[in-house]
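I have placed the structure first, in the form of structure tokens, so that the comments after it can refer back to it.
The values are calculated or read from the model by the stated rules, or taken from the named source; none is laboratory data. Just so it is clear, the structure is predicted and the values come from calculations on it, not from any experiment. All Cβ positions, glycine included, derive from the backbone under ideal geometry; neighbour counts span all protein chains shown. Protein only, heavy atoms only, side chains kept; ligands, DNA and RNA dropped before computing areas. Shrake-Rupley method; radii C 1.70, N 1.55, O 1.52, S 1.80 Å.
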Amino acid sequence: MAQASLRFGKSLVNQARRRNMSTTHAVAGTHLNYTVQDGVAVLRFDSPGSKVNSLGEETSAELQEAFQTFMKDPSAKSAVLLSGKPGCFIAGADINMLAKCQTAEQATALSKGCQDLLFEVEKCKKPVVAAIQGSCLGGGLEVAMACHYRIAVDGMKTSMGLPEVMLGVLPGGGGTQRLPALTGIPNTLDMALTGKTLNAKKAKKVGLVDAVVDPLGPGLAPADVTTHQYLEKIAINTAKQLADGSMKLPNRGPKNFAKKVEKAAFGVGPVKDYVFNMAKGKVMKQTNGLYPAPIKILEAVRAGLDHGVEGGYKAEREKFGELVATSESKGLISLFHGQTECKKNKFGKPANPSKTLGVLGAGLMGAGIAQVSVDKGYTTVLKDMSSAGLSRGVSQVSDYLDKKVKRKKVAKLDAERYMANLIPALDYTDFGKVDMVIEAVFEDINIKHRVIREVEKHMREDAIFASNTSALPITKIAEASCRPEKVVGMHYFSPVDKMQLLEIITTDKTDMETKKAAVDVGLKQGKVVIVVGDGPGFYTTRILAPTLSETIRLMQEGVDPTKLDKLSKG
């Protein structure tokens, strides 16, 4: 039967047996290495040829195999699970596994296999410590939650969350049941319904991690590497102490009166009804009922409260199976794949990647472009015609970095270092050093022609000129250039620091190196990059125009605007 052939748990066990691991002190797999150091088993997850670790059939089989080896190994009294990649613990499950599920039953079996694997970890008599640095998302967080103790690094891009709702599914490896047990119902709903991520300190505050490690600076190796080595030492020492009894596992119960009241309240039917009905109302208001995943998440979490652990896990895997089979999930997964492709440079790496940028115009757009450049390591020369305009632009960049510090997105020292990347300018003196100029002046072809003629006198011959325009033809703008092959369009959207999309427009004269460099800058700025030809309206404005035209026509024909707005939202 197809369902039986896809039963994940059995496939993992069979693959583990086939590997025939006999040694208990050092076993090297493709994705996961097992070693024992002074009584502590170290399970190092490091998928070759990939920037991230993900849970697929092969990697999950190796993970289960390593855990089974640990449980049978008399020399290992405790274990540490960590990544071999400083920037990523486990980024989540391999989405391609979902694509292989042809039916809801097959997806339910996949979830059951993940649950069974993590039950083995959770029920292990010997303590397992998860050492987290970098992204710990989806299935990665579910693995960490199944461990008995969690240590996370403060900063270093460490983030924890359950973003499955963004793919139209729910956490299928026990996430809807373990997260409430660790953090409570309100925190669970906040994370699972939105895909929100937490940094290490916030995760500790809500009970998701047990200890936070401060990052180290660079030494003989970069800061992320030295911090990762430090994390490993702390995790091994913690595992050793948990094994010999000199350190106890923390009490997972409510730690203050408010939490005790909260837990007691969720044992009362009317309170549960009120909270979950209110959450459902908010979901329906935001989604208009078009996305089933948030509702199924609410139902799975509620099932755990009403029917206990067994009922909760059963509801989770069944609802996971139902969601995987929906068209909404397939559409969102397709969108995810599309965005992932847009984060790659299809033209290849430029021979001389840009390191210094010049931005013309310190208004909202120009300063926004500078914002997303300085904190990515670009030295950025921000020029404006007036000192008042320049001051406003510099303040916008400074305020942006200050907010990131307040929200603990970056350290204050890093923010100051990023601010040092910004060079305010009222003339073109520093433009001889720039690799790319991005103009963000008024949408007037005559002004843009004047600007390009002025700035090219001060630019190197190999430097690129990019125009931030939403509609003016790049070919027309390039007519004023003495090097049209170095002219390209880079259409940012406002506000630049929040809008993901970047539209790059090329002409028939734009050379390959310019295309490579423009995409490279956009990707480093954290943008989802699309490359289009120089046609009327490019792509975004072109698809928006017919929509607006039809909307206006319907209103002219007497359709009520409120009804039209409602219809446009499905």
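Among the residues of region 540-570, write down those that are within 30 Å of residue 497 (Cβ to Cβ), open to solvent by less than 60 Å² (accessible area, probe 1.4 Å) and among the β-branched types (Val, Ile, Thr).
Filtering region 540-570 for residues within 30 Å of residue 497 (Cβ to Cβ) gives 540-548, 551, 565, 568-570.
Next, from what is left, pick out any that are open to solvent by less than 60 Å² (accessible area, probe 1.4 Å): 540-541, 545, 551.
Of everything in region 540-570, those that are within 30 Å of residue 497 (Cβ to Cβ), open to solvent by less than 60 Å² (accessible area, probe 1.4 Å) and among the β-branched types (Val, Ile, Thr) turn out to be 540, 541, 551.
One residue is enough: does region 157-177 have a residue meeting the conditions under 18 Å from residue 316 (Cα atoms), open to solvent by less than 10 Å² (accessible area, probe 1.4 Å) and of a type in the set (S, T, N, Q)?
Yes, region 157-177 contains at least one residue that is under 18 Å from residue 316 (Cα atoms), open to solvent by less than 10 Å² (accessible area, probe 1.4 Å) and of a type in the set (S, T, N, Q).
Checking the structure you have, find out if any residue of region 76-99 is in a helix (DSSP H, G or I), open to solvent by 40 Å² or more (accessible area, probe 1.4 Å), more than 16 Å from residue 42 (Cβ to Cβ) and among the small types (Gly, Ala, Ser). Write out each step before concluding.
Narrowing region 76-99 to residues in a helix (DSSP H, G or I): 96-99.
Still in the running and open to solvent by 40 Å² or more (accessible area, probe 1.4 Å): 96, 99.
This time we only want the ones that are more than 16 Å from residue 42 (Cβ to Cβ), so: 96, 99.
Now restrict to residues that are among the small types (Gly, Ala, Ser): 99.
Yes, the conditions are met somewhere in region 76-99.
Looking at 391, 395, 386, 467 in this structure, which one is under 21 Å from residue 541 (Cβ atoms) and out of contact with any Leu (no Cβ under 6 Å at 6 or more places or on another chain)?
Numbers: 391 fails: under 21 Å from residue 541 (Cβ atoms); 395 fails: under 21 Å from residue 541 (Cβ atoms); 386 fails: under 21 Å from residue 541 (Cβ atoms).
Testing whether each residue is under 21 Å from residue 541 (Cβ atoms) and out of contact with any Leu (no Cβ under 6 Å at 6 or more places or on another chain) leaves just 467.
Output the qualifying pairs, or none if there are none: Cβ atoms under 8 angstrom, residues six or more apart or on different chains, first residue in region 232-259 and surrounded by 10 or more Cβ atoms within 10 Å (Cβ to Cβ), second residue assigned to a helix (DSSP H, G or I) and of a type in the set (S, T, N, Q).
Here the result reads 247/238; 247/241, each pair linking region 232-259 to a residue that is assigned to a helix (DSSP H, G or I) and of a type in the set (S, T, N, Q).
Scan region 294-306 and report the pairs whose first residue is within 9 Å of residue 176 (Cβ to Cβ) and whose second residue is among the β-branched types (Val, Ile, Thr) and assigned to a helix (DSSP H, G or I), with Cβ atoms within less than 8 Å and a gap of 6+ or a chain change.
If the second residue must be among the β-branched types (Val, Ile, Thr) and assigned to a helix (DSSP H, G or I), the pairs left are 297/165; 297/176; 300/176; 301/176; 301/185; 301/188; 304/176.
Being under 30 Å from residue 42 (Cβ atoms) and among the aromatic types (Phe, Trp, Tyr) is the filter here; which residues of region 224-275 pass it?
The first filter runs over region 224-275 and keeps only residues under 30 Å from residue 42 (Cβ atoms), leaving 224-252.
Passing the criteria: only 230.
In region 66-75, what count of residues is obtained for those that are part of a helix (DSSP H, G or I) and either within 15 Å of residue 122 (Cα to Cα) or among the hydroxyl-bearing types (Ser, Thr, Tyr) (or both)?
Filtering region 66-75 for residues part of a helix (DSSP H, G or I) gives 66-72.
When the remaining residues are screened for being either within 15 Å of residue 122 (Cα to Cα) or among the hydroxyl-bearing types (Ser, Thr, Tyr) (or both), the result is 66-71.
Residues meeting the conditions: 6.
If we keep just the residues of region 428-443 that are in contact (Cβ under 8 Å) with a residue 60 or more places away in the chain and in a helix (DSSP H, G or I), which is nearest to residue 486 (Cα to Cα)?
Among those that are in contact (Cβ under 8 Å) with a residue 60 or more places away in the chain and in a helix (DSSP H, G or I), it is 431.
Which one of these does residue 208 not meet: (1) under 21 Å from residue 309 (Cβ atoms); (2) open to solvent by 30 Å² or more (accessible area, probe 1.4 Å); (3) in a loop (DSSP other than H, G, I, E, B)?
Of (1) under 21 Å from residue 309 (Cβ atoms); (2) open to solvent by 30 Å² or more (accessible area, probe 1.4 Å); (3) in a loop (DSSP other than H, G, I, E, B), only one is false for residue 208: (2).
Consider residue 170 against the criteria (1) among the hydrophobic types (A, V, I, L, M, F, W, C); (2) closer than 28 Å to residue 233 by Cα; (3) not in a helix (DSSP H, G or I): it satisfies all of them except one. Which criterion is unmet?
(2)
Report whether or not residue 285 is of a type outside the set (A, V, I, L, M, F, W, C), surrounded by fewer than 13 Cβ atoms within 10 Å (Cβ to Cβ) and over 23 Å from residue 103 (Cβ atoms).
On the way: of a type outside the set (A, V, I, L, M, F, W, C): yes; surrounded by fewer than 13 Cβ atoms within 10 Å (Cβ to Cβ): yes; over 23 Å from residue 103 (Cβ atoms): yes.
Spelling it out, residue 285 is indeed of a type outside the set (A, V, I, L, M, F, W, C), surrounded by fewer than 13 Cβ atoms within 10 Å (Cβ to Cβ) and over 23 Å from residue 103 (Cβ atoms).
Given (1) at pLDDT 95 or above; (2) open to solvent by 10 Å² or more (accessible area, probe 1.4 Å); (3) outside any helix (DSSP H, G or I), identify the lone condition not met by residue 470.
All conditions pass for residue 470, except number (1).
Looking only at region 344-398, how many residues end up being closer than 15 Å to residue 496 by Cβ, among the polar types (S, T, N, Q) and assigned to a helix (DSSP H, G or I)?
Residues that pass the stated criteria total 3.
Within region 525-539, count every residue that is open to solvent by less than 40 Å² (accessible area, probe 1.4 Å) and within 13 Å of residue 470 (Cβ to Cβ). Walk me through it before giving the result.
Filtering region 525-539 for residues open to solvent by less than 40 Å² (accessible area, probe 1.4 Å) gives 525, 527-530, 532, 535, 537-538.
The next check asks that each one be within 13 Å of residue 470 (Cβ to Cβ); those that pass are 532, 537-538.
So the count comes out to 3.
Could you say which residue among 328, 318 is open to solvent by 50 Å² or more (accessible area, probe 1.4 Å), within 22 Å of residue 95 (Cβ to Cβ), touching a residue at least 12 places away in the same chain (Cβ under 8 Å) and touching a Phe, Trp or Tyr at 6+ places or on another chain (Cβ under 9 Å)?
On the way: 318 fails: touching a Phe, Trp or Tyr at 6+ places or on another chain (Cβ under 9 Å).
Testing whether each residue is open to solvent by 50 Å² or more (accessible area, probe 1.4 Å), within 22 Å of residue 95 (Cβ to Cβ), touching a residue at least 12 places away in the same chain (Cβ under 8 Å) and touching a Phe, Trp or Tyr at 6+ places or on another chain (Cβ under 9 Å) leaves just 328.
Here is a list: 513, 503, 485, 456. Which entry is open to solvent by 50 Å² or more (accessible area, probe 1.4 Å) and either of a type in the set (Ser, Thr, Tyr) or out of contact with any Pro (no Cβ under 9 Å at 6 or more places or on another chain) (or both)?
Working: 513 fails: either of a type in the set (Ser, Thr, Tyr) or out of contact with any Pro (no Cβ under 9 Å at 6 or more places or on another chain) (or both); 503 fails: open to solvent by 50 Å² or more (accessible area, probe 1.4 Å); 456 fails: open to solvent by 50 Å² or more (accessible area, probe 1.4 Å).
Selected residue: 485, the only one of 513, 503, 485, 456 that is open to solvent by 50 Å² or more (accessible area, probe 1.4 Å) and either of a type in the set (Ser, Thr, Tyr) or out of contact with any Pro (no Cβ under 9 Å at 6 or more places or on another chain) (or both).
Evaluate the following for residue 195: is it at positive phi and surrounded by fewer than 17 Cβ atoms within 10 Å (Cβ to Cβ)?
Numbers: at positive phi: yes; surrounded by fewer than 17 Cβ atoms within 10 Å (Cβ to Cβ): yes.
Spelling it out, residue 195 is indeed at positive phi and surrounded by fewer than 17 Cβ atoms within 10 Å (Cβ to Cβ).
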